[in-house]
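Below: the structure, in C-alpha cells.
Every number in this text was worked out from the coordinates using simple rules, so none of it is lab data. Worth saying up front: this structure is predicted, and the values here are computed from it rather than measured. Note that we place each Cβ from the backbone using ideal geometry, even for glycine, and neighbour counts take in every protein chain shown.
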Amino acid sequence: MAKKITNRSEDYSQWYLDVVKEAKLADHSPVRGCMIIRPNGFSLWENMKRALDQMFKETGHENAYFPLFIPKSFLSKEAQHVEGFAKECAVVTHSRLRSIDGGVEVDPESRLDEELIVRPTSETIIWDAYRDWIQSYRDLPILINQWANVVRWEMRTRLFLRTMEFLWQEGHTAHATKSEAVEEAEKMLQVYKTFAEEYMAMPVKTGVKTASERFAGAVDTYCIEALMQDGKALQAGTSHFLGQNFAKAFDVRFQDRDGEHKLVWATSWGVSTRLVGGLIMTHSDDNGLVIPPKLAPVQVVIVPIWRSDDEQQEVMEYATPIVQELKEAGVSVKLDDRDNYKPGWKFAEHEVQGIPIRIAVGPRDVKNGNLEIARRDTLEKEIVTRSGIADRITGLLETIQQELFQRAKERMDNQTRNVDSYEEFKKEIERGGFIYAHWDGTDETESRIKEETKATIRCISDEFDQPGTCMVSGKPSRRRVLFARSY
RNA sequence: CGGGAUGUAGCGCAGUCCGGUAGCGCACCACGUUCGGGACGUGGGGGUCGCAGGUUCAAAUCCUGUCAUCCCGACCA
C-alpha cells in the first residue's frame, strides 16, 4: 500500500495535516487562516452537534440566534472583556464598494458612523438583549444556547485547532442567584466531560483556570483539557461563571421576591470545531483517521468483491439484505458498490477516512455463508458467519467505542505524573504529558514557569487536595495543579 | 509581527543556479484486459508557471513589491 501519511513520530504537524487532507475533512480557504470544511468533516461536526444539542435540551436549554455584527460600543462596555478581545477583532468600517476603472474599491462615502465588530463571542450582544427580557425573578433563569460562527483574528492558525473563523455553540444563561449560576457553570462542564468521554472517547481532565488563563470577563473559567498523542494538551471546552460583570456592564437587573432590584448572575460556555481536531489527534494513526463509532457518519461500509457479471449479481444479492438488516439495528451503513474502483482501493480509502468497520463480501463468502469483518482501530480482520451479523456488528461497534476510550485513557494516565522539584519538572516537561506539581498561586511564578519551560497551568485540578510546597518558590501550596505544554 | 522554507495542470513534484516559448507521476476521458489490500496496456484532454510591476529581442527562470501556505518564535476564552 502506498504510504500517504507521514509517521506521527517523525513529524507530528505534518502527520496531522496529512490525516485531515487524506480523510477529506477540510482544506485551507483562499482567505488566510480560514478553512473549508468538506462534507466528511462537516458530517462529523454535525454528529457532534446533534449529540451535544440533545444534552443541552435535556438540561433545560433552548436554542436561539443573535446577530453576527456587534456595535463597537457594546464590546467596550465590559472592561476586561474588551481588553481580552481587542487585539483579535475583524472590524467592518464600510458598507459598499464602487467601480473604479476595471475594478472596485471601498467607497469612502460609505464609512459607518459606528464600526461593527464581527463577533468573537456573543456575551455583549446577548446581554444587551437580556436587559429587555428580564424584569422579575419570574423571568429567570434564562437558559439559551446558540450555534454560530465566530471570528478571532489569530496570528497563527491550524486546521480545526485554531482558525480565524470557527463554528461553535455558546450557551448564555442568566440566574437570580450566585449559587444557581455557579451550579450551572459546573453542570455544563460535566456535560462537556461526558460528551468528550462517552461520544468522542477522549478522556479529559477538569478544573478551573488560573487568573491569567481565565476568559476575559469571567470570575471563574472551568475547563476540560485533553491530551494529544504528541503529549501536548488541548483545551477542549470551557464553562464560565461570569458573576455579575455583564449584568453590571449592560445594566441587567431584576426585582426579587423581597422587592429589591438586583443584578443578574451569568454563565457562558462553549465548545467549537476544535473538538474535531481533538478527536483526530486522539485516535488517528499512521494509516489515517480513526473515528469513534458513536460519532462516525458511516459506521460500517460493505465492500462487495466480484470478477464477472455473474459474480457481481450473486455477491450483490448476498450483500444487499445485510444493509437493510444493519439499518434496522440502528447502524449507519454504506454499501460501496462503485464499479470504477477495485476492492483494494476502496479498503485503503475507507481506512484513511476512519470508518470503524468494514465488511468485505466476495464469491468465497457467498459460497461459505461468511463475511469478512475488519476493524479500523486495530486493523484486525476476522471471518464470521452471515447469520446474526446485526448483533455482532452492534456489539463490535460498542466494543470499539469502549476500547478507543480505554486506550486513550491509558495513554493519558501513562503520561500523567507528579513532580516535586523544578529541576525534575524542566526535564519531565520535555517528555510531554500532564504534570501535577505544587504552585504557590502567584502570577509571578506561573509566568516564570511559562517563560522558562513553555508549560502552562492547564487547570487547578479537583483531583488533588493535599497541600505542599511550591516547586519553584518553596512557598506553601494548597494543592497540586495540572501543567502541560499546550496547543 | 520576526526568522526559515515553499507557491508550476485537480493532487504531488521536476525545471529556476546558467533566460530561448513547459515536463513527470497520480487523478481525469476512451477502448481492452483486470478485480480478496491503493491494477495494467494503448490512445487522449487539461497549465497566461500565486499576483503586480521592472530588466531583456526573449522571463517559470533575473530584480522589486505583494499575497498565500507550512515550520519555528511572539500571540492565542
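Key figures
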read-out	value
Kirkwood Rh and Cα Rg combined as Rg over Rh, evaluated for segment A:200-259	1.19
Lysines with Cα under 16 Å of A:LYS334, excluding same-chain neighbours fewer than 8 positions away	A:LYS294, A:LYS346
Label-to-label distance, nm, for residues given as A:GLU46 and A:SER179 (7 Å Cα→Cβ offset)	4.4
Cα-based shape type of segment A:222-361, given that a ≥ b ≥ c are square roots of the gyration tensor eigenvalues and the cut on a/c is 1.5	prolate
Acute angle (nearest 10 degrees) that the helix A:343-352 long axis makes with the longest principal axis of chain A, alpha-carbon atoms	20
Spin-label proximity, A:ALA86 to segment A:92-133 - amide N less than 13 Å from point 7 Å beyond Cα toward beta carbon	none
Angle in degrees between helix A:12-22 and the longest Cα principal axis of chain A, rounded to the nearest 10	60
Least to most buried among A:ARG156, A:ARG375, A:ARG307 (fewest other Cβ within 10 Å first)	A:ARG156, A:ARG307, A:ARG375
Computed helical MRE - 222 nm, chain A, DSSP H runs ≥ 4 contributing -39500 (n - 2.57), nearest 500	-10500 deg cm²/dmol
Relative contact order [Cα under 8 Å, 6+ residues apart], chain A, whole percent	14
Inter-part distance where segment A:454-487 and segment A:274-344 are each reduced to a Cα centre, Å	46
Mean projected area in nm² (Cα convex hull; one quarter of hull surface) for segment A:133-284	9.8
For segment A:408-451, alpha-carbon Rg relative to the globular expectation (2.2 N^0.38 Å, N residues)	1.25
Chain A: radius of gyration and largest Cα-Cα distance (Dmax), Å	25.9, 84
For A:THR456, A:THR163, A:THR267, order by how many other beta-carbon atoms lie within 10 Å, fewest first	A:THR456, A:THR163, A:THR267
Relative contact order, percent, segment A:152-257 [alpha-carbon distance under 8 Å, six or more residues apart]	20
Cα gyration tensor category, rounded, prolate or oblate, for segment A:1-92 with a/c compared to 1.5	oblate
Hydrodynamic radius of segment A:87-191 per Kirkwood, over alpha carbon pairs, in Å	17.2
Cubic angstrom per residue, convex hull over Cα atoms of segment A:336-455	164
Anisotropy class of segment A:274-334 from Cα gyration tensor, a/c 1.5 cut	oblate
Debye log10 I(q)/I(0) at q = 0.10, 0.12, 0.17 Å⁻¹ for segment A:1-154, Cα point scatterers	-0.62, -0.83, -1.18
Square roots of five times the Cα gyration tensor eigenvalues for segment A:166-227, Å	21, 15, 12
Those lysines that a straight Cα-Cα span of less than 25 Å connects to A:LYS262, excepting residues fewer than 8 apart in one chain	A:LYS77, A:LYS178, A:LYS187, A:LYS248
